[in-house]
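Below is one structure, written out as structure tokens; comments come after it.
The values are calculated or read from the model by the stated rules, or taken from the named source; none is laboratory data. All values derive from a computational prediction rather than experimental measurement. Virtual Cβ from ideal backbone geometry, glycine too; neighbours counted across all protein chains shown.
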Amino acid sequence: TINHANSTLNIKRNGFVTQVSLTTSSTNWVSSSDSRLKDVVEPLTGNLGKLAACTPVKYRWKPEHDPDDQTTHLGLITQEVQSVYPEVVSVGNTAQGYLSLEYTALIPALVGAINELAARVVALEARP
């Protein structure tokens, strides 16, 4: 379903509808996260150590990749992320097999790492 006046796109998959709403000033992406839609829920653990294996970098695209974009970007090296969170990495369907990273899928790991740090702070503050 596409509703041009409201710039809404509804995608139905397995009986569930995902709605994407876009405007000229869109800055948010809303994802379904209702626990009633999830199966095999387990805690995401060890996030601090896993994220430590991912190097934040500043980079520019190689001119042969995007000659019009020579601005500096912030990001991660996908191969490093793939070694600890393979679920957030996709392999392109080109002969080169370039990797893509779903950055927003890392948010739960970041929240987990913050929670791990907060627990350490509480434990340190409880020491005499």
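Modelled with pLDDT under 95 and surrounded by 10 or more Cβ atoms within 10 Å (Cβ to Cβ): is that true of residue 75 in this structure?
Values: modelled with pLDDT under 95: no; surrounded by 10 or more Cβ atoms within 10 Å (Cβ to Cβ): yes.
Judged against the criteria, residue 75 is not a match.
What do you reckon, is residue 30 touching a strand residue (DSSP E or B) at 6+ places or on another chain (Cβ under 9 Å) and not in a helix (DSSP H, G or I)? Against the criterion (touching a strand residue (DSSP E or B) at 6+ places or on another chain (Cβ under 9 Å) and not in a helix (DSSP H, G or I)), residue 30 qualifies.
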